[in-house]
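Engineer: Before I ask anything, here is the structure I am working with.
The values are calculated or read from the model by the stated rules, or taken from the named source; none is laboratory data. Since this is a predicted model, take the numbers as computed values, not measurements. Here the Cβ positions follow ideal geometry from the backbone for every residue, glycine too, while neighbour counts run over all protein chains shown.
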Amino acid sequence: MARHGSRVTEKPTSLSAPVVATATLPVVFGTAPINLAETLENVNKPVLAYSFSEFAKALGYSDNWKDYTLCEMADAAFRQCNVGPIVFVNVLDPEKHKENKQESIEVTNKKAVIETEGILLQSLEISNADNKLESDKDYIASLNEDGRVVIAFLIEKVTTVNVKYDHLKPDAIKNNHIIGGYDIDTGKSTGLELLNSVFPKLSMVPGLVLAPKFSKDPTVASVMKAKASSINTYFKAQALDDVDTLDANTYTKVNEWKNKNSYTGSNEVVCWPLAGIGDKVYHMSTHIACRIMKTAYDNGDYPHESPSNKPLPMTKLLVETKDGHEEIDLSPDQAELLNNQGITTAINFIGGWRAWGNYTGAFPASTDVKDMFIPVRITHNWLGNTIILTTWDKVDGPIGRRLIDNVLDTMNMWMNGLQSEGVLIGGRVEFREEDNPITDLLSGKIRFRYAVAEPTPAQDIENILEFDASYYKSLFISE
(Lines give C-alpha, C1' and ligand atoms only; values in the text may rest on other atoms or scores of the structure.)
Protein backbone atom coordinates (compact mmCIF):
# COMPACT_ATOMS: atom_id res chain seq x y z
CA MET A 1 0.00 0.00 0.00
CA ALA A 2 1.34 3.46 -0.97
CA ARG A 3 1.92 5.87 1.94
CA HIS A 4 1.42 9.61 1.88
CA GLY A 5 2.48 12.02 4.66
CA SER A 6 4.93 12.20 7.57
CA ARG A 7 5.34 9.25 9.95
CA VAL A 8 7.19 8.40 13.17
CA THR A 9 8.15 4.89 14.17
CA GLU A 10 9.63 4.10 17.56
CA LYS A 11 12.77 2.06 18.12
CA PRO A 12 13.71 0.40 21.43
CA THR A 13 16.25 2.41 23.41
CA SER A 14 19.73 0.97 22.87
CA LEU A 15 20.92 2.22 26.24
CA SER A 16 19.65 0.07 29.13
CA ALA A 17 18.97 1.41 32.60
CA PRO A 18 21.10 -0.34 35.23
CA VAL A 19 19.21 -2.57 37.67
CA VAL A 20 20.37 -1.28 41.05
CA ALA A 21 21.07 -3.80 43.80
CA THR A 22 19.84 -3.02 47.32
CA ALA A 23 23.04 -1.75 48.86
CA THR A 24 22.49 -2.37 52.55
CA LEU A 25 19.49 -4.72 52.85
CA PRO A 26 19.97 -6.61 56.15
CA VAL A 27 19.03 -10.27 56.47
CA VAL A 28 18.75 -11.09 60.18
CA PHE A 29 18.67 -14.63 61.58
CA GLY A 30 17.33 -15.46 65.03
CA THR A 31 14.24 -16.21 67.09
CA ALA A 32 10.83 -14.56 67.31
CA PRO A 33 7.73 -15.01 69.56
CA ILE A 34 5.84 -16.65 66.73
CA ASN A 35 2.92 -17.47 69.05
CA LEU A 36 2.06 -13.74 69.03
CA ALA A 37 2.00 -13.50 65.24
CA GLU A 38 -1.03 -13.72 62.98
CA THR A 39 0.23 -17.07 61.68
CA LEU A 40 2.59 -19.79 62.90
CA GLU A 41 3.86 -20.44 59.38
CA ASN A 42 6.78 -17.98 59.28
CA VAL A 43 9.44 -20.44 60.37
CA ASN A 44 12.66 -20.72 58.36
CA LYS A 45 11.27 -18.38 55.74
CA PRO A 46 12.59 -14.97 54.64
CA VAL A 47 10.07 -12.40 55.89
CA LEU A 48 10.30 -8.85 54.51
CA ALA A 49 9.15 -6.03 56.80
CA TYR A 50 9.06 -2.31 56.09
CA SER A 51 7.66 -1.29 59.49
CA PHE A 52 7.33 -2.39 63.10
CA SER A 53 3.67 -3.33 62.63
CA GLU A 54 4.54 -5.57 59.67
CA PHE A 55 7.17 -7.30 61.77
CA ALA A 56 4.82 -7.80 64.71
CA LYS A 57 2.05 -9.21 62.51
CA ALA A 58 4.36 -11.63 60.75
CA LEU A 59 6.56 -12.74 63.65
CA GLY A 60 5.18 -11.31 66.90
CA TYR A 61 7.03 -8.99 69.26
CA SER A 62 8.35 -9.25 72.81
CA ASP A 63 10.68 -7.10 74.93
CA ASN A 64 12.37 -10.34 76.01
CA TRP A 65 15.26 -9.99 73.58
CA LYS A 66 17.34 -12.63 75.33
CA ASP A 67 14.91 -15.29 74.11
CA TYR A 68 13.59 -13.52 71.00
CA THR A 69 16.57 -11.98 69.28
CA LEU A 70 14.85 -10.71 66.13
CA CYS A 71 12.82 -8.31 68.26
CA GLU A 72 16.03 -6.44 69.13
CA MET A 73 16.63 -5.64 65.46
CA ALA A 74 12.98 -4.69 64.92
CA ASP A 75 13.12 -2.23 67.81
CA ALA A 76 16.45 -0.71 66.75
CA ALA A 77 15.54 -0.34 63.08
CA PHE A 78 11.87 0.63 63.18
CA ARG A 79 11.60 2.42 66.54
CA GLN A 80 15.03 3.93 67.15
CA CYS A 81 16.49 4.59 63.70
CA ASN A 82 13.42 4.57 61.43
CA VAL A 83 15.08 2.54 58.67
CA GLY A 84 13.95 -0.37 56.53
CA PRO A 85 13.20 -2.67 54.88
CA ILE A 86 14.67 -5.68 56.66
CA VAL A 87 14.48 -9.39 55.96
CA PHE A 88 13.97 -11.57 59.05
CA VAL A 89 14.45 -15.33 59.31
CA ASN A 90 12.94 -16.96 62.40
CA VAL A 91 14.31 -20.42 63.23
CA LEU A 92 12.12 -21.03 66.30
CA ASP A 93 9.66 -23.73 65.22
CA PRO A 94 6.50 -24.09 67.35
CA GLU A 95 6.13 -27.66 66.09
CA LYS A 96 9.56 -28.70 67.39
CA HIS A 97 10.82 -26.20 69.94
CA LYS A 98 8.07 -26.43 72.53
CA GLU A 99 7.33 -27.88 75.94
CA ASN A 100 4.10 -29.14 77.53
CA LYS A 101 3.04 -27.84 80.92
CA GLN A 102 0.17 -28.34 83.34
CA GLU A 103 -0.71 -26.15 86.29
CA SER A 104 -3.53 -24.97 88.50
CA ILE A 105 -4.43 -21.28 88.46
CA GLU A 106 -6.79 -19.16 90.54
CA VAL A 107 -9.74 -17.30 89.06
CA THR A 108 -10.68 -13.86 90.37
CA ASN A 109 -13.84 -12.08 89.23
CA LYS A 110 -14.21 -14.64 86.46
CA LYS A 111 -10.76 -13.85 85.06
CA ALA A 112 -7.40 -15.60 85.21
CA VAL A 113 -3.93 -15.03 83.78
CA ILE A 114 -1.34 -17.65 82.87
CA GLU A 115 2.06 -16.10 83.54
CA THR A 116 4.07 -18.49 81.34
CA GLU A 117 5.50 -16.76 78.26
CA GLY A 118 5.22 -18.15 74.74
CA ILE A 119 2.00 -20.16 75.13
CA LEU A 120 0.61 -21.59 71.89
CA LEU A 121 -3.00 -20.54 72.27
CA GLN A 122 -4.43 -23.29 70.09
CA SER A 123 -2.95 -25.93 72.42
CA LEU A 124 -4.69 -24.59 75.54
CA GLU A 125 -6.94 -26.99 77.43
CA ILE A 126 -8.91 -25.92 80.53
CA SER A 127 -10.75 -28.12 82.99
CA ASN A 128 -12.78 -27.39 86.08
CA ALA A 129 -12.59 -30.33 88.48
CA ASP A 130 -13.12 -33.29 86.14
CA ASN A 131 -14.98 -31.36 83.47
CA LYS A 132 -13.22 -30.12 80.34
CA LEU A 133 -14.32 -26.61 79.43
CA GLU A 134 -15.11 -25.51 75.89
CA SER A 135 -13.60 -22.46 74.24
CA ASP A 136 -16.06 -19.67 73.31
CA LYS A 137 -18.77 -21.47 75.30
CA ASP A 138 -17.30 -21.70 78.79
CA TYR A 139 -14.43 -19.25 78.39
CA ILE A 140 -12.62 -16.91 76.01
CA ALA A 141 -8.81 -16.97 75.92
CA SER A 142 -6.71 -14.18 74.42
CA LEU A 143 -3.22 -12.70 74.61
CA ASN A 144 -2.56 -9.39 76.38
CA GLU A 145 0.08 -6.78 75.48
CA ASP A 146 2.71 -8.66 77.47
CA GLY A 147 2.06 -11.88 75.55
CA ARG A 148 0.40 -13.60 78.52
CA VAL A 149 -2.81 -15.63 78.16
CA VAL A 150 -5.86 -13.97 79.74
CA ILE A 151 -8.91 -16.17 80.32
CA ALA A 152 -12.38 -14.65 80.70
CA PHE A 153 -14.90 -17.20 81.98
CA LEU A 154 -18.49 -17.26 80.77
CA ILE A 155 -19.69 -19.63 83.46
CA GLU A 156 -20.43 -18.97 87.14
CA LYS A 157 -18.72 -20.10 90.33
CA VAL A 158 -15.23 -20.71 89.00
CA THR A 159 -12.44 -20.31 91.58
CA THR A 160 -9.69 -22.62 90.39
CA VAL A 161 -9.04 -24.32 87.05
CA ASN A 162 -6.47 -26.70 85.68
CA VAL A 163 -4.73 -25.63 82.50
CA LYS A 164 -2.66 -27.63 80.06
CA TYR A 165 -0.75 -26.09 77.16
CA ASP A 166 2.31 -26.08 74.95
CA HIS A 167 4.69 -23.14 75.16
CA LEU A 168 7.67 -22.09 73.09
CA LYS A 169 11.08 -23.17 74.31
CA PRO A 170 13.49 -20.56 72.84
CA ASP A 171 16.43 -21.92 74.85
CA ALA A 172 16.17 -25.05 72.69
CA ILE A 173 17.62 -23.00 69.82
CA LYS A 174 21.33 -23.63 69.56
CA ASN A 175 23.98 -22.40 67.17
CA ASN A 176 23.33 -25.30 64.79
CA HIS A 177 19.76 -24.07 64.27
CA ILE A 178 21.10 -20.68 63.14
CA ILE A 179 23.64 -22.36 60.86
CA GLY A 180 20.89 -24.61 59.46
CA GLY A 181 21.33 -26.66 56.34
CA TYR A 182 19.56 -28.38 53.46
CA ASP A 183 17.30 -31.42 53.89
CA ILE A 184 17.64 -33.72 50.89
CA ASP A 185 14.42 -35.58 51.73
CA THR A 186 12.18 -32.51 52.01
CA GLY A 187 14.15 -30.20 49.71
CA LYS A 188 13.91 -27.44 52.32
CA SER A 189 16.61 -25.15 53.68
CA THR A 190 16.92 -23.81 57.20
CA GLY A 191 18.97 -21.16 59.00
CA LEU A 192 21.75 -19.39 57.15
CA GLU A 193 21.21 -21.62 54.14
CA LEU A 194 18.12 -19.49 53.48
CA LEU A 195 20.35 -16.58 52.50
CA ASN A 196 20.19 -18.10 49.03
CA SER A 197 16.38 -17.89 49.09
CA VAL A 198 16.13 -14.13 49.63
CA PHE A 199 16.71 -13.00 46.05
CA PRO A 200 14.65 -15.74 44.33
CA LYS A 201 11.73 -15.06 46.69
CA LEU A 202 11.90 -11.28 47.17
CA SER A 203 13.94 -10.09 44.15
CA MET A 204 16.16 -8.17 46.58
CA VAL A 205 19.88 -8.75 47.02
CA PRO A 206 21.14 -9.12 50.61
CA GLY A 207 23.62 -6.42 51.62
CA LEU A 208 24.22 -7.19 55.31
CA VAL A 209 24.00 -10.45 57.26
CA LEU A 210 23.37 -10.53 61.02
CA ALA A 211 22.61 -12.96 63.82
CA PRO A 212 22.56 -10.93 67.07
CA LYS A 213 23.56 -12.99 70.13
CA PHE A 214 24.48 -16.01 68.00
CA SER A 215 27.25 -14.34 65.95
CA LYS A 216 29.54 -14.22 68.99
CA ASP A 217 29.98 -17.96 68.43
CA PRO A 218 32.99 -18.50 66.09
CA THR A 219 31.29 -21.34 64.21
CA VAL A 220 28.23 -19.24 63.44
CA ALA A 221 30.41 -16.27 62.44
CA SER A 222 32.51 -18.38 60.09
CA VAL A 223 29.39 -19.72 58.33
CA MET A 224 27.99 -16.18 58.09
CA LYS A 225 31.16 -15.01 56.35
CA ALA A 226 31.19 -17.98 54.01
CA LYS A 227 27.53 -17.62 53.03
CA ALA A 228 27.81 -13.83 52.64
CA SER A 229 30.76 -14.18 50.27
CA SER A 230 28.78 -16.25 47.77
CA ILE A 231 25.02 -15.70 47.71
CA ASN A 232 23.31 -17.55 44.87
CA THR A 233 26.87 -18.08 43.58
CA TYR A 234 27.06 -14.51 42.24
CA PHE A 235 26.22 -11.93 44.95
CA LYS A 236 28.22 -10.73 47.97
CA ALA A 237 27.22 -9.18 51.28
CA GLN A 238 28.87 -7.99 54.50
CA ALA A 239 28.58 -9.97 57.74
CA LEU A 240 28.30 -8.09 61.04
CA ASP A 241 29.53 -10.08 64.04
CA ASP A 242 29.81 -9.46 67.76
CA VAL A 243 32.68 -10.20 70.12
CA ASP A 244 31.71 -12.23 73.18
CA THR A 245 31.73 -9.58 75.91
CA LEU A 246 31.61 -12.18 78.67
CA ASP A 247 35.07 -13.39 77.64
CA ALA A 248 36.40 -10.08 76.29
CA ASN A 249 35.03 -7.84 79.02
CA THR A 250 37.69 -5.12 78.67
CA TYR A 251 39.05 -3.37 75.60
CA THR A 252 42.49 -4.90 76.14
CA LYS A 253 41.13 -8.42 75.64
CA VAL A 254 39.18 -7.82 72.43
CA ASN A 255 41.99 -8.10 69.87
CA GLU A 256 43.27 -11.38 71.28
CA TRP A 257 39.74 -12.79 71.24
CA LYS A 258 39.19 -11.57 67.69
CA ASN A 259 42.35 -13.18 66.32
CA LYS A 260 42.02 -16.37 68.37
CA ASN A 261 38.53 -16.95 66.99
CA SER A 262 39.31 -15.86 63.40
CA TYR A 263 37.04 -12.83 63.20
CA THR A 264 39.35 -11.53 60.51
CA GLY A 265 37.36 -11.53 57.28
CA SER A 266 37.35 -8.69 54.77
CA ASN A 267 33.57 -9.18 54.42
CA GLU A 268 33.19 -8.96 58.18
CA VAL A 269 32.54 -6.07 60.56
CA VAL A 270 33.63 -6.99 64.09
CA CYS A 271 31.66 -5.15 66.80
CA TRP A 272 32.30 -4.61 70.54
CA PRO A 273 30.83 -4.21 73.18
CA LEU A 274 27.04 -3.99 73.85
CA ALA A 275 24.93 -0.79 73.68
CA GLY A 276 22.24 0.25 76.11
CA ILE A 277 19.25 2.59 76.32
CA GLY A 278 17.62 2.52 79.73
CA ASP A 279 16.91 -1.14 80.48
CA LYS A 280 17.30 -2.21 76.87
CA VAL A 281 20.49 -3.94 75.77
CA TYR A 282 21.47 -4.11 72.08
CA HIS A 283 24.27 -5.99 70.40
CA MET A 284 26.61 -3.51 68.76
CA SER A 285 26.19 -5.29 65.41
CA THR A 286 22.50 -4.35 65.50
CA HIS A 287 23.25 -0.66 65.99
CA ILE A 288 26.06 -0.59 63.40
CA ALA A 289 23.83 -2.30 60.81
CA CYS A 290 21.08 0.27 61.37
CA ARG A 291 23.66 3.07 61.16
CA ILE A 292 24.98 1.69 57.84
CA MET A 293 21.41 1.63 56.51
CA LYS A 294 20.65 5.14 57.78
CA THR A 295 23.85 6.58 56.28
CA ALA A 296 23.11 5.01 52.90
CA TYR A 297 19.52 6.32 53.03
CA ASP A 298 20.79 9.84 53.77
CA ASN A 299 22.99 9.56 50.67
CA GLY A 300 20.30 8.58 48.20
CA ASP A 301 20.71 4.84 48.98
CA TYR A 302 24.38 4.87 48.02
CA PRO A 303 26.66 3.03 50.52
CA HIS A 304 29.93 4.90 49.96
CA GLU A 305 29.99 6.92 53.20
CA SER A 306 31.28 5.38 56.41
CA PRO A 307 28.92 4.78 59.34
CA SER A 308 31.71 5.94 61.64
CA ASN A 309 31.25 9.22 63.54
CA LYS A 310 27.50 9.09 62.90
CA PRO A 311 24.98 9.28 65.80
CA LEU A 312 23.75 6.13 67.54
CA PRO A 313 20.59 5.92 69.69
CA MET A 314 22.24 4.76 72.91
CA THR A 315 23.19 6.03 76.36
CA LYS A 316 25.85 3.61 77.58
CA LEU A 317 28.29 0.81 76.80
CA LEU A 318 27.87 -2.56 78.48
CA VAL A 319 29.53 -5.94 78.79
CA GLU A 320 27.92 -9.19 79.81
CA THR A 321 28.49 -10.65 83.28
CA LYS A 322 27.38 -13.91 84.89
CA ASP A 323 24.66 -11.99 86.70
CA GLY A 324 23.56 -9.66 83.90
CA HIS A 325 25.36 -6.64 82.47
CA GLU A 326 27.90 -4.09 83.66
CA GLU A 327 28.42 -0.57 82.35
CA ILE A 328 31.89 0.36 81.11
CA ASP A 329 33.71 3.49 79.94
CA LEU A 330 35.68 3.83 76.72
CA SER A 331 37.93 6.83 76.05
CA PRO A 332 38.78 8.05 72.51
CA ASP A 333 42.34 6.69 72.72
CA GLN A 334 41.05 3.28 73.79
CA ALA A 335 38.50 3.31 70.97
CA GLU A 336 41.25 4.29 68.52
CA LEU A 337 43.29 1.30 69.64
CA LEU A 338 40.30 -0.97 68.95
CA ASN A 339 39.82 0.64 65.53
CA ASN A 340 43.44 -0.02 64.64
CA GLN A 341 42.82 -3.67 65.47
CA GLY A 342 39.91 -3.89 63.03
CA ILE A 343 37.15 -3.53 65.64
CA THR A 344 34.15 -1.22 65.43
CA THR A 345 32.80 0.34 68.62
CA ALA A 346 31.06 3.52 69.87
CA ILE A 347 32.22 6.58 71.79
CA ASN A 348 30.64 9.50 73.60
CA PHE A 349 33.06 12.33 72.92
CA ILE A 350 31.86 15.22 70.72
CA GLY A 351 28.23 15.34 69.60
CA GLY A 352 26.92 12.50 71.78
CA TRP A 353 27.16 8.79 71.18
CA ARG A 354 28.55 7.86 67.77
CA ALA A 355 29.71 4.81 65.88
CA TRP A 356 33.49 4.66 65.79
CA GLY A 357 35.59 2.64 63.36
CA ASN A 358 36.19 2.31 59.62
CA TYR A 359 38.07 -0.97 59.33
CA THR A 360 36.80 -4.44 58.50
CA GLY A 361 37.93 -7.49 60.44
CA ALA A 362 40.70 -8.05 57.88
CA PHE A 363 42.67 -5.04 59.17
CA PRO A 364 45.53 -4.76 60.07
CA ALA A 365 46.56 -8.05 58.44
CA SER A 366 45.21 -6.82 55.10
CA THR A 367 45.89 -3.30 53.83
CA ASP A 368 44.20 -3.72 50.44
CA VAL A 369 42.02 -0.62 50.28
CA LYS A 370 39.00 -2.52 48.93
CA ASP A 371 39.18 -4.98 51.83
CA MET A 372 40.24 -2.84 54.78
CA PHE A 373 37.62 -0.05 54.81
CA ILE A 374 33.98 -0.87 55.66
CA PRO A 375 32.34 1.62 53.23
CA VAL A 376 34.71 0.69 50.38
CA ARG A 377 34.07 -3.04 50.89
CA ILE A 378 30.28 -2.55 51.03
CA THR A 379 30.36 -0.30 47.94
CA HIS A 380 32.52 -2.85 46.12
CA ASN A 381 29.96 -5.55 46.95
CA TRP A 382 27.14 -3.30 45.75
CA LEU A 383 28.91 -2.45 42.50
CA GLY A 384 29.53 -6.12 41.75
CA ASN A 385 25.95 -7.09 42.57
CA THR A 386 24.60 -4.29 40.37
CA ILE A 387 26.85 -5.26 37.46
CA ILE A 388 25.51 -8.82 37.65
CA LEU A 389 21.88 -7.70 37.79
CA THR A 390 22.32 -5.30 34.88
CA THR A 391 24.25 -7.55 32.52
CA TRP A 392 22.32 -10.74 33.26
CA ASP A 393 19.83 -10.20 30.44
CA LYS A 394 22.75 -10.09 27.98
CA VAL A 395 23.64 -13.70 28.79
CA ASP A 396 23.04 -15.95 25.75
CA GLY A 397 22.73 -12.95 23.43
CA PRO A 398 24.74 -13.03 20.20
CA ILE A 399 28.31 -11.82 20.68
CA GLY A 400 28.78 -8.76 18.50
CA ARG A 401 29.35 -5.03 18.57
CA ARG A 402 25.72 -4.34 19.46
CA LEU A 403 25.95 -6.33 22.70
CA ILE A 404 29.43 -5.01 23.51
CA ASP A 405 28.52 -1.37 22.87
CA ASN A 406 25.29 -1.68 24.85
CA VAL A 407 27.15 -2.93 27.91
CA LEU A 408 29.92 -0.34 27.54
CA ASP A 409 27.52 2.58 27.02
CA THR A 410 25.14 1.52 29.80
CA MET A 411 27.75 0.83 32.44
CA ASN A 412 30.02 3.76 31.62
CA MET A 413 27.11 6.18 31.79
CA TRP A 414 26.07 4.63 35.13
CA MET A 415 29.58 5.01 36.53
CA ASN A 416 29.79 8.59 35.29
CA GLY A 417 26.62 9.26 37.24
CA LEU A 418 28.10 7.67 40.35
CA GLN A 419 31.16 9.87 39.98
CA SER A 420 29.04 13.01 39.77
CA GLU A 421 27.19 11.91 42.94
CA GLY A 422 30.47 11.41 44.78
CA VAL A 423 29.92 7.66 45.13
CA LEU A 424 33.06 7.02 43.09
CA ILE A 425 36.24 9.00 42.58
CA GLY A 426 36.18 7.51 39.10
CA GLY A 427 35.13 4.44 37.17
CA ARG A 428 35.16 2.98 33.67
CA VAL A 429 34.34 -0.16 31.71
CA GLU A 430 36.51 -1.48 28.90
CA PHE A 431 36.36 -4.28 26.35
CA ARG A 432 39.98 -5.22 25.70
CA GLU A 433 41.31 -7.41 22.95
CA GLU A 434 43.88 -9.00 25.26
CA ASP A 435 41.10 -10.06 27.64
CA ASN A 436 39.12 -11.69 24.86
CA PRO A 437 41.18 -14.13 22.77
CA ILE A 438 39.49 -15.60 19.72
CA THR A 439 39.42 -19.04 21.35
CA ASP A 440 37.31 -17.68 24.23
CA LEU A 441 34.96 -15.82 21.91
CA LEU A 442 34.48 -19.01 19.90
CA SER A 443 33.62 -20.76 23.19
CA GLY A 444 31.01 -18.13 24.02
CA LYS A 445 33.10 -16.35 26.67
CA ILE A 446 33.27 -12.57 26.79
CA ARG A 447 35.00 -10.30 29.32
CA PHE A 448 34.55 -6.68 30.35
CA ARG A 449 37.08 -5.01 32.59
CA TYR A 450 35.81 -2.61 35.28
CA ALA A 451 38.11 -0.12 36.99
CA VAL A 452 36.72 1.79 39.98
CA ALA A 453 37.99 3.96 42.80
CA GLU A 454 35.72 4.44 45.81
CA PRO A 455 36.35 7.31 48.23
CA THR A 456 38.10 6.30 51.44
CA PRO A 457 36.93 7.77 54.77
CA ALA A 458 38.81 10.84 56.03
CA GLN A 459 39.57 9.18 59.35
CA ASP A 460 42.77 11.10 60.10
CA ILE A 461 42.55 14.88 59.71
CA GLU A 462 45.73 16.65 60.76
CA ASN A 463 45.54 20.36 61.47
CA ILE A 464 49.00 21.94 61.87
CA LEU A 465 49.00 24.76 64.42
CA GLU A 466 52.03 27.09 64.36
CA PHE A 467 52.93 30.20 66.30
CA ASP A 468 53.69 33.03 63.84
CA ALA A 469 55.71 35.82 65.54
CA SER A 470 55.44 38.06 62.47
CA TYR A 471 51.98 39.14 63.61
CA TYR A 472 53.68 41.18 66.37
CA LYS A 473 54.75 43.68 63.70
CA SER A 474 51.17 44.85 63.59
CA LEU A 475 51.72 46.43 67.01
CA PHE A 476 53.95 49.09 65.37
CA ILE A 477 51.58 50.08 62.64
CA SER A 478 49.90 53.38 63.43
CA GLU A 479 46.45 54.16 62.13
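Engineer: Can you tell me which condition Ala56 does not meet? The list is (1) in contact (Cβ under 8 Å) with a residue 24 or more places away in the chain; (2) in contact with a helix residue (DSSP H, G or I) (Cβ under 9 Å, 6 or more places away or on another chain), and all the others hold.
Structural biologist: (1)
Engineer: Quick one: how many residues across segment 395-407 are within 34 Å of the chain's Cα centre (by Cα) and crowded, with 16+ Cβ neighbours inside 10 Å?
Structural biologist: Here the count works out to 1.
Engineer: Check every one of the strands (runs of 3 or more DSSP E) wholly within segment 212-285 and list those with 2 or more residues that are touching a strand residue (DSSP E or B) at 6+ places or on another chain (Cβ under 8 Å), in the same structural domain as Thr321 (by TED's automatic domain parsing) and within 27 Å of Gly181 (Cβ to Cβ).
Structural biologist: Where strands (runs of 3 or more DSSP E) fall fully within segment 212-285 and carry at least 2 residues being touching a strand residue (DSSP E or B) at 6+ places or on another chain (Cβ under 8 Å), in the same structural domain as Thr321 (by TED's automatic domain parsing) and within 27 Å of Gly181 (Cβ to Cβ), they are 238-242, 268-271.
Engineer: If only one of Thr379, Thr367, Thr390 is more than 30 Å from Val243 (Cβ to Cβ) and polar (S, T, N, Q), which one is it?
Structural biologist: Thr390
Engineer: Take the conditions touching a strand residue (DSSP E or B) at 6+ places or on another chain (Cβ under 9 Å), basic (Lys, Arg) and in a strand (DSSP E or B) and apply them to Arg432. Does it pass?
Structural biologist: no
Engineer: Which of the helices (runs of 4 or more DSSP H) contained wholly in segment 334-424 include at least 1 residues that are outside the structural domain of Trp257 (by TED's automatic domain parsing) and without any contact (Cβ under 8 Å) to a residue 60 or more places away in the chain?
Structural biologist: 374-391, 401-420
Engineer: Name the residue, out of Tyr50, Tyr68, that is under 27 Å from Leu208 (Cβ atoms) and modelled with pLDDT under 95.
Structural biologist: Tyr50
Engineer: When you scan segment 309-325, how many residues do you find that are under 13 Å from Ala248 (Cβ atoms) and either surrounded by fewer than 17 Cβ atoms within 10 Å (Cβ to Cβ) or of a type in the set (Gly, Ala, Ser) (or both)?
Structural biologist: Qualifying residue count for the region: 1.
Engineer: Here's a follow-up. Exactly one condition in (1) more than 25 Å from Val47 (Cα to Cα); (2) in contact with a strand residue (DSSP E or B) (Cβ under 7 Å, 6 or more places away or on another chain) is not met by Asn196; state its number.
Structural biologist: (1)
Engineer: In addition: Checking Leu192 against (1) without any contact (Cβ under 8 Å) to a residue 40 or more places away in the chain; (2) part of a helix (DSSP H, G or I), which test does it fail?
Structural biologist: Among (1) without any contact (Cβ under 8 Å) to a residue 40 or more places away in the chain; (2) part of a helix (DSSP H, G or I), Leu192 violates only (1).
Engineer: Regarding segment 56-63, can at least one residue be identified that is of a type in the set (A, V, I, L, M), crowded, with 22+ Cβ neighbours inside 10 Å and assigned to a loop (DSSP other than H, G, I, E, B)?
Structural biologist: Taking every residue of segment 56-63 in turn, none turns out to be of a type in the set (A, V, I, L, M), crowded, with 22+ Cβ neighbours inside 10 Å and assigned to a loop (DSSP other than H, G, I, E, B).
Engineer: If we scan segment 108-129, do we find a residue that is over 18 Å from His167 (Cβ atoms) and touching a residue at least 40 places away in the same chain (Cβ under 8 Å)?
Structural biologist: For segment 108-129, residues over 18 Å from His167 (Cβ atoms) and touching a residue at least 40 places away in the same chain (Cβ under 8 Å): present.
Engineer: Glu103 - would you say it is surrounded by fewer than 16 Cβ atoms within 10 Å (Cβ to Cβ), at pLDDT 95 or above, part of a strand (DSSP E or B) and not hydrophobic (A, V, I, L, M, F, W, C)?
Structural biologist: Here the answer is no, as Glu103 does not meet what is asked.
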